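Report on one structure; see the data block that follows.
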Amino acid sequence: MFNLRKLKDSTMTGVNSLVGIFNILIVLLIFIFILINSLEFFREYPVSNFFFGTDWISLSGKYGLLPLLVGSFWVTIVALGISIPIGIVTTIYLSEFASSKTRKTLKITIETMSALPSVVLGYLGLYVLSGFIKDTFGLTSGLNALTGGIMLSFMAIPTIVSLSDDALNALDKSYREASLALGANKLETVFKILLPAAFPGIFAGIMLGFGRIIGETMAVLMITGNAPIMASSPLSPVRTLTATIAAEMGEVVKGSEHYHALFAIGLVLFAISFLTNSIADKYIRKSRKLMGK
């Protein structure tokens, strides 16, 4: 019996290791594929013109990245500006104030939000929110970074709430008991003791929420206006990095300069995603270390 159990443990350990190695290999191959095609572009197009160019006009052979970065910046800032406070307040309520029944209902609702297809949020933004934004601000069109950011916030909130809730619930009861014993009220305990102690986990949730926002394609393609311009405010139509790839890759000539330019955007997105996940992983590990896990 002991040998059989040991054999099963060894087998599962080997299978898990193989799956991990396979996943790493897939990511590495994807990176190599994107890198090779990106280098083809940089052989034909100056690197400085790509990273600091202010015009993205593929028909004229202008491939400036800045308008797309600015568009992604505005959408991300709006989305994080909404999702972070809502996510943290929701987490505090779920963890410290909600009854077990209310907590269960809200958790199911939040998990349902995370399962919503992005195209559904795109339709809501296109046919419901954009008209409201247009009338409220007196714009000619409601398809802009503000509309996109509001809808993308619904994608980031579940991630932020889920990880932040886990971080707060992982704290030892002594944090709460010691604070209350010293005379602090419930709110003082939450904001001065629990949130600072759970900060690594909360920040990891925010970073993963950021990664979800920056990598979204379908919704921003539908509701941000798709204008590759240097937008000066979130009320301007914009085009994000992901939307550019989705909008142009289907019609581009394979092997052309334009084709390789889209891979260069993909390389930038890969770098942003890798950096975001690395930071999130660092803080998740720090959170687990603080919790003694």
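The values are calculated or read from the model by the stated rules, or taken from the named source; none is laboratory data. Predicted model only: the values in this text are computed from it and were never measured. Positions of Cβ are backbone-derived with ideal geometry, glycine not excepted, and every protein chain shown enters the neighbour counts.
Checked against (1) closer than 29 Å to residue 150 by Cβ; (2) touching a helix residue (DSSP H, G or I) at 6+ places or on another chain (Cβ under 9 Å), residue 253 passes all but a single condition, namely (1). Of the residues making up the stretch 51-90, those that are under 18 Å from the mean Cα position of the chain (by Cα) and not aliphatic (A, V, I, L, M) are 71, 72, 73, 74, 76, 81, 83, 85, 87. When 37, 23 are checked against the criterion of being touching a residue at least 40 places away in the same chain (Cβ under 8 Å) and not assigned by TED's automatic domain parsing to the domain that holds residue 274, a single residue qualifies: 37.
Only a single criterion out of (1) touching a Pro at 6+ places or on another chain (Cβ under 9 Å); (2) exposed (fewer than 13 other Cβ atoms within 10 Å of the Cβ); (3) of a type outside the set (Val, Ile, Thr) is not satisfied by residue 113, namely (2). The stretch 197-293 holds helices (runs of 4 or more DSSP H) entirely within its bounds, and those carrying 3 or more residues that are basic (Lys, Arg) map to 257-290. The criterion of being of a type in the set (Ser, Thr, Tyr) and without any contact (Cβ under 8 Å) to a residue 12 or more places away in the chain holds for residue 10.
Each residue in the stretch 107-139 was checked for being among the polar types (S, T, N, Q) and at pLDDT 90 or above, and 2 of them qualify.
Is there a residue being touching a residue at least 24 places away in the same chain (Cβ under 8 Å) and charged (D, E, K, R) anywhere in the stretch 58-72? Checked the stretch 58-72: no residue is touching a residue at least 24 places away in the same chain (Cβ under 8 Å) and charged (D, E, K, R).
Here residue 96 clears all of (1) in contact (Cβ under 8 Å) with a residue 60 or more places away in the chain; (2) surrounded by 16 or more Cβ atoms within 10 Å (Cβ to Cβ) except the condition numbered (2).
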